[in-house]
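The values are calculated or read from the model by the stated rules, or taken from the named source; none is laboratory data. These numbers were taken from a predicted model, which means no experiment stands behind them. Neighbour counts are summed over all protein chains in view; Cβ atoms, including those assigned to glycine, are modelled from backbone coordinates with ideal geometry. To get the accessible areas, we keep the full protein, side chains included, count just its heavy atoms, and leave off ligands, DNA and RNA. Shrake-Rupley method; radii C 1.70, N 1.55, O 1.52, S 1.80 Å.
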Amino acid sequence: MPEEPGKETRFLDNVEMGLGAWSWGDRIFWHYGHGYTDDDIAAAFQTSLAAGVNLVDTAEIYGSGRSEHLLGQFIKAANQPVIVATKFFPIPYRFTKNSVVRALRGSLARLGLERVDLYQLHWPSPVVSIETYVEGLAMAVQAGLTLNVGVSNYSIEQMERASKILAKHAIPLASNQVEYHLLDRSAERSGLLERCKEKCVRLIAYSPLAMGLLTGKYTSETPPTGPRGRKYATILKNLPFLIALMKEIGAGHGEKTPGQVALNWVICKGGLPIPGAKTAAQAQQNAGAIGWRLMPEEMQALDAASDKIT
Ligand SMILES: NC(=O)c1ccc[n+]([C@@H]2O[C@H](COP(=O)([O-])OP(=O)(O)OC[C@H]3O[C@@H](n4cnc5c(N)ncnc54)[C@H](OP(=O)(O)O)[C@@H]3O)[C@@H](O)[C@H]2O)c1
């Protein structure tokens, strides 16, 4: 990416896409152990790396640590650098900045690493101030436990506060990870995406496939089971209209699938998508979303279709 005059280059600028690791070990939401195994997950990781996707996003709460543990094993077996991003969860008994550093040490032990590339605050806490936890992030950088820091699910105002606190320590805020995809464009509508661009904060887009819906494999007749089915029950009825357009647009780019179009849409908007993958086949297909770009008129058509159905 050529550097614009006056704009700094930050560490995630040249990362087009990552791999989400929430489903690796999560039995409650993703039914880990039913329909996919540790071998499938390992294959998803290896396939992603081979396809040039080497940022993996995990969190201490994913599978109660299982996701970090699996990722650590995969990294050990891989002979390639991996960009590791993990997250601190604001569990109610964590009141101090030191708790951030302690939690990160726990993540590092599970990952088998001395430091991560990106440590993120998973959610703002309803009880502990932004200042407290962000000071903890600064301590983690100073202790050499993470190279960069970010936040997640932070509003514009919360992100500005985090950024100001870090600036006192001469640490840039690297990222804000929020839900962003064709069925949820609140990050765009609130101005968060634009603000991130202005501040050189990378917007990491989570659930970029709307939890699998944007691949087109679920319909109102065959909805996903569990919480996903409930969350998207209404939207599933109108989804075929958008999926049909994505198929038509994808066909003009060498038979790209709706999922690949959905991920490329996020990239074209300036977000960094981190689709989850449970298997090599899913990882392979998702990796086909990088290395090309939708045309401006296709972006407009997708925006209009998403406006119509959401
Ligand atoms: N910061 C936060 O609060 C937060 C919240 C949510 C997620 N995240 C992060 O974002 C990542 C991605 O989000 P997500 O996992 O919620 O949703 P997603 O990436 O939109 O969807 C992932 C799911 O879609 C299905 N899928 C993926 N690729 C597919 C393909 N090529 N073909 C068919 N189905 C495919 C798989 O589930 P099925 O096979 O079961 O359909 C997969 O688990 C997470 O792993 C996590 O790292 C962060």
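Observations on the model:
- Assigned charges on the beta-carbon of Lys, Arg, Asp, Glu; the chain dipole about Cα centre (debye): 720
- For the range 135-268, Kirkwood radius (reciprocal of mean inverse C-alpha pair distance, Å): 16.7
- Candidates HIS69, THR9, SER129 compared by Cα position along the dipole of the chain: farthest toward the positive end lies SER129, with charges placed on Cβ.
- Per-residue ellipticity at 222 nm, computed for the chain from helices alone with -39500 (n - 2.57) per DSSP H run of at least four residues, works out to -13500 deg cm²/dmol.
- Cα-based equivalent ellipsoid of the range 93-161: semi-axis lengths in Å, sorted from largest, via gyration tensor: 20, 13, 10
- Ranking of TRP265, TRP22 by solvent-accessible surface, largest first: TRP22, TRP265 (1.4 Å probe, protein heavy atoms only, all chains present).
- Ordering of 270-282, 45-57 by packing [mean C-beta count within 10 Å, highest first]: 270-282, 45-57
- GNM remark for the chain: springs join alpha carbons under 10 Å apart, and the peak mean-square fluctuation among GLN300, GLN284, GLN177 falls on GLN300.
- Subset of LYS168/LYS199; LYS87/LYS199; LYS247/LYS278; LYS247/LYS308 violating a 19 Å alpha-carbon distance limit: LYS87/LYS199; LYS247/LYS278
- Heavy-atom accessible surface of the range 11-133: percent carbon and sulfur, 1.4 Å: 55
- Rounded to 0.05, the FRET efficiency of the THR234 and SER190 pair, given R0 = 22 Å and the Cβ-Cβ distance, is 0.50.
- The Rg/Rh ratio of the chain, with Rg taken over Cα atoms and Rh as the Kirkwood radius over Cα pairs, comes to 0.95.
- For the pair GLN80 and HIS34 in one chain, pulling the backbone fully straight at 0.36 nm per residue adds 13.6 nm over the alpha carbon distance.
- Its Cα gyration tensor gives the range 5-141 an equivalent ellipsoid; the semi-axes, largest first and in whole Å, are 25, 20, 13.
- In the range 132-192, taking the dipole from charged Cβ atoms about the Cα centre, the farthest positive-side position among PRO172, TYR154, SER186 is held by PRO172.
- Rounded, prolate or oblate (a/c below 1.5 giving rounded, otherwise prolate when a/b exceeds b/c) for the range 203-246 by Cα gyration tensor: oblate
- Expressed as a whole percent, the accessible area of the range 175-226 that falls on carbon and sulfur atoms is 51 (1.4 Å probe).
- Membrane-span-like helices in the chain, defined here as complete DSSP H runs extending at least 27 Å along the helix axis by their C-alpha atoms with mean Kyte-Doolittle hydropathy no lower than -1.0, are 233-251; this is a sequence and geometry rule, not a statement about a membrane.
- When both bridge partners sit in the chain, DSSP labels roughly 5% of those beta bridges antiparallel.
- Averaged per residue, the range 68-154 has 43 square angstrom of accessible surface, using a 1.4 angstrom probe with ligands and nucleic acids left out.
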